[in-house]
Every structure is written in structure tokens, then in C-alpha cells.
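Have a look at the structure below, then the notes.
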Amino acid sequence: QVQLVESGGALVQPGGSLRLSCAASGSIESIYAMGWYRQAPGKQRELVAAITSSGRINYGDSVKGRFTISRGNAKNTVYLRMNSLKPDDTAVYYCNADTITDNYWGQGTQVTVSS
């Protein structure tokens with residue numbers, strides 16, 4: 001089992017920046033990829049960014065060039081640096097972890113971009 005706890009969500013003005021954090025606990029040695037997804041009201045959950053244990057990174061098209069995913073030194077923490085935020089980035093952001101047998105989700109953290 002893997003537990004994920006997100007933090008860092010907030011209300012921010014358009015053009016602002018924010019950093020989200022996700023800490024994994026439990027069977028962290030079984031994780032081969034971690035990432036961030038988001039879901040806005042009335043929309044499907046979508047990939048924001050993901051990083052594998054080997055360092056391979058993938059971004060959703062709408063955030064390329066603005067968001068950066070990274071891992072902490074302990075490898076059980078993943079960060080999402082979000083720059084040039086837009087109102088369309090408003091959503092609940094979920095941390096995700098993949099193992100060979102399972103897929104885990106955090107409870108989500110709200111990001112609201114509004115003036």
C-alpha cells in the first residue's frame with residue numbers, strides 16, 4: 001500500500017506561481033512513477049505531469065513551458081512548480097503513484113487562479 005499526501009494548493013492571482021508537494025509513504029520502494037493530475041468542475045481528470053523512477057518526464061500539452069515536475073532527494077516526494085498561472089488552471093490537483101500492480105491517488109489539493 002502507498003499513501004499520498006498533497007499540500008500547497010491556494011488561491012493565486014493570474015500570472016502568479018505556486019508549488020505543490022506530494023509525499024508518499026508505505027511501500028514506496030514499489031513506486032515506478034509519480035505524477036500530478038487535475039480535475040476542473042465539469043471536466044475529466046487530465047494529466048498535468050509525470051516522472052518515472054528513471055527520471056523520464058511527461059507533461060500535458062496545456063502546461064508545457066509553464067509547469068515543472070521534480071523529485072525530492074529522498075525520491076518519495078514529488079513537486080510541481082507552476083508558473084504563469086491562468087484561470088484555466090483552476091482545479092483540484094491530485095498526486096498519483098504507480099506500482100506494478102496498483103495505482104494510488106491522494107485526496108487532492110485545490111488550486112484557484114483568480115483576481
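For the range 94-109, the Karplus equation 6.51 cos²θ - 1.76 cosθ + 1.60, evaluated at θ = phi - 60°, returns couplings of 10, 7, 9, 9, 10, 10, 4, 10, 9, 10, 10, 10, x, 7, x, 9 Hz by residue, with Gly and Pro reported as x. For Glu46 and Ser25, a Förster radius of 25 Å and the Cβ-Cβ distance give a FRET efficiency of 0.45, rounded to the nearest 0.05. Among Thr101, Thr68, Thr77, the largest mean-square fluctuation in a Gaussian network model of the chain, built with springs joining Cα atoms closer than 10 Å, belongs to Thr101. In this structure the amide hydrogen of Lys75, modeled in the peptide plane, comes within under 5 Å of no amide hydrogen from residues 5 or more places off or on another chain. For the chain, what proportion of DSSP beta bridges, expressed in % and rounded to the nearest 5, is antiparallel? Counting DSSP beta bridges with both partners in the chain, the antiparallel share is about 95 percent.
Stretching Lys64 away from Ser114 to a fully extended chain increases their span by 15.9 nm, per 0.36 nm per residue minus the current alpha-carbon distance. Amide H contacts of Lys86: Gly15, each under 5 Å away and 5 or more positions distant or on a separate chain (H built 1.01 Å from N in the peptide plane; Pro and chain starts excluded). For Lys86, the lysines whose Cα falls under 29 Å of its own Cα, not counting residues fewer than eight places away in the same chain, are Lys43, Lys64. Let's test the formula: R0 of 22 Å, r as the Cβ-Cβ distance of Gln39 and Ile100. What FRET efficiency results, to the nearest 0.05? Step by step, r from the Cβ atoms, then E = 0.30.
Any read-out appearing in this document is the output of simple, stated calculations on the displayed coordinates, not a laboratory observation. Bear in mind that the values here come from a model prediction, so they are computed numbers and not experimental data. For neighbour counting, all protein chains shown are included, and Cβ atoms are generated from backbone atoms with ideal geometry for every residue, glycine included.
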